[in-house]
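**Student:** Pasting a structure here, questions to come.
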Amino acid sequence: MRWTVLTLFPSVFDSICTASLFGKAVEAGVIQVRPVDIRDHAEGKHRSVDDSPFGGGVGMVLRVEPVARALEAVRADDPAVHVVLLTPQGRLLDQARVGELAGHAHVALLCGRYEGVDDRICGLVDEELSVGDYVLSGGEPAAWVVMDAVCRLVPGVLGKAESTLEESHGAAGLLEYPQYTRPREFRGQAVPEVLLSGDHAAIARWRRRQAIVRTAERRPDLLARADLSEEERVWIEQLGRVPGRG
């Protein structure tokens, strides 16, 4: 999978592309990341990419001209590239959208900066995406979040494909069940006996129910659209842990 990141700070991605599983995937050629410095497409001695907003206001706004030229260069290289503007005004990133982005062979991420972007930039991209309802100093951290989430679904990045199915927000739409490792007891808290039983069917049932309970307690908004059987829905109602209840 190819990533092009349009940014004012390309060096930010130097360490990202060499660390952990992501770095190994880059080294193996499973993932390709090419940062593009937007300033390289700015004109003038100072390569200016920002300006004060028409109508007044605090801060500076990312200009449309250098961004347009940068995007045109990317699309000239690959007309099929899918261009995403990272902005707090975009669609909220969720696991469903992560899966959809993983279906693209080449994604370009445009990192916003300053107080925002010239609104005409929005007409140059394929979609606008937000990683959360909060404000960052720029789109670079958001770009890393998007790439990391999506690349976990790219074949060859994770050692086991099933790793993505049982984690939080996986295929079932539930939070992950509780995990334990040694020691068996820590400060009076013991590992649940079922996990020590060797009964894999019983362990699977316990994990499934714990995932449902945890989701009901911590993210009841997810439970309404989770992949639950009718029996599981009846069971969770009997516990009094359904969305909208205390």
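**Student:** With θ set to phi - 60° and the Karplus curve 6.51 cos²θ - 1.76 cosθ + 1.60, what are the ³J(HN,Hα) couplings of the stretch 12-21 in order, to the nearest whole Hz, using x for Gly and Pro?
**Tutor:** Result, rounded to whole Hz: 4, 8, 4, 6, 4, 7, 10, 9, 6, 5.
**Student:** If you don't mind, there's one more thing I want to ask. Return the label of the correct value of log10 I(q)/I(0) by the Debye sum over Cα atoms at q = 0.09, 0.10, 0.15, 0.16 Å⁻¹, as calculated from the structure shown, out of [x] -0.53, -0.63, -1.07, -1.15; [y] -0.38, -0.47, -1.07, -1.21; [z] -0.43, -0.54, -1.18, -1.31.
**Tutor:** [x]
**Student:** Distance in nm between label sites at Val234 and Arg91, each 7 Å beyond Cα in the beta-carbon direction?
**Tutor:** Distance between label points: 3.7 nm.
**Student:** Taking the simple approach of a point 7 Å from Cα along Cα-to-Cβ for both Leu158 and Gln32, what is their distance in nm?
**Tutor:** 2.5 nm
**Student:** Near Ser11, within a Cβ-to-Cβ distance under 11 Å, what is the net charge of the other residues, with Lys and Arg +1 and Asp and Glu -1? Before the final figure, lay out the partial values.
**Tutor:** On the way: positive: none; negative: Asp14, Asp37, Glu140.
Residues near Ser11 contribute -3 overall.
**Student:** State whether the stretch 49-143 is rounded, prolate or oblate according to the following rule on the C-alpha gyration tensor (a ≥ b ≥ c being the square roots of its eigenvalues): a/c under 1.5 gives rounded; otherwise a/b larger than b/c gives prolate, and the remaining case gives oblate.
**Tutor:** Judged from the Cα gyration tensor, the stretch 49-143 comes out oblate (a/c at least 1.5, b/c at or above a/b).
**Student:** Let me ask something additional. Give the relative contact order (percent, whole number) for the chain; include only Cα pairs under 8 Å separated by 6+ residues.
**Tutor:** 17 percent
**Student:** Applying 1/(1 + (r/R0)^6) with R0 = 22 Å to the Cβ-Cβ distance of Cys122 and Asp77, what FRET efficiency is obtained, to the nearest 0.05?
**Tutor:** The formula returns an efficiency of 0.50 here.
**Student:** Assuming a ≥ b ≥ c are the square roots of the Cα gyration tensor eigenvalues, decide whether the stretch 163-238 counts as rounded (a/c under 1.5), prolate (otherwise, with a/b larger than b/c) or oblate.
**Tutor:** Prolate, since a/c reaches 1.5 and a/b exceeds b/c.
**Student:** Using modelled backbone amide H atoms (1.01 Å from N, in-plane), which distant-in-sequence or interchain residues come within less than 5 Å of Arg2's amide H?
**Tutor:** Counting only residues 5 or more places away or on other chains, the set is Gln32, His106, Val107.
**Student:** Right, next: Using the Karplus curve 6.51 cos²θ - 1.76 cosθ + 1.60 with θ = phi - 60°, what ³J(HN,Hα) values do you get for each residue of the stretch 46-56, in whole Hz, with x for Gly and Pro?
**Tutor:** 9, 6, 6, 10, 9, 7, 6, x, 4, x, x
Quick note: the coordinates plus some simple rules give every number you see, no bench work behind them. Keep in mind that this is a model prediction, so the values were computed, not measured. Neighbour counts run over all protein chains shown; Cβ positions are idealised from the backbone, glycine included.
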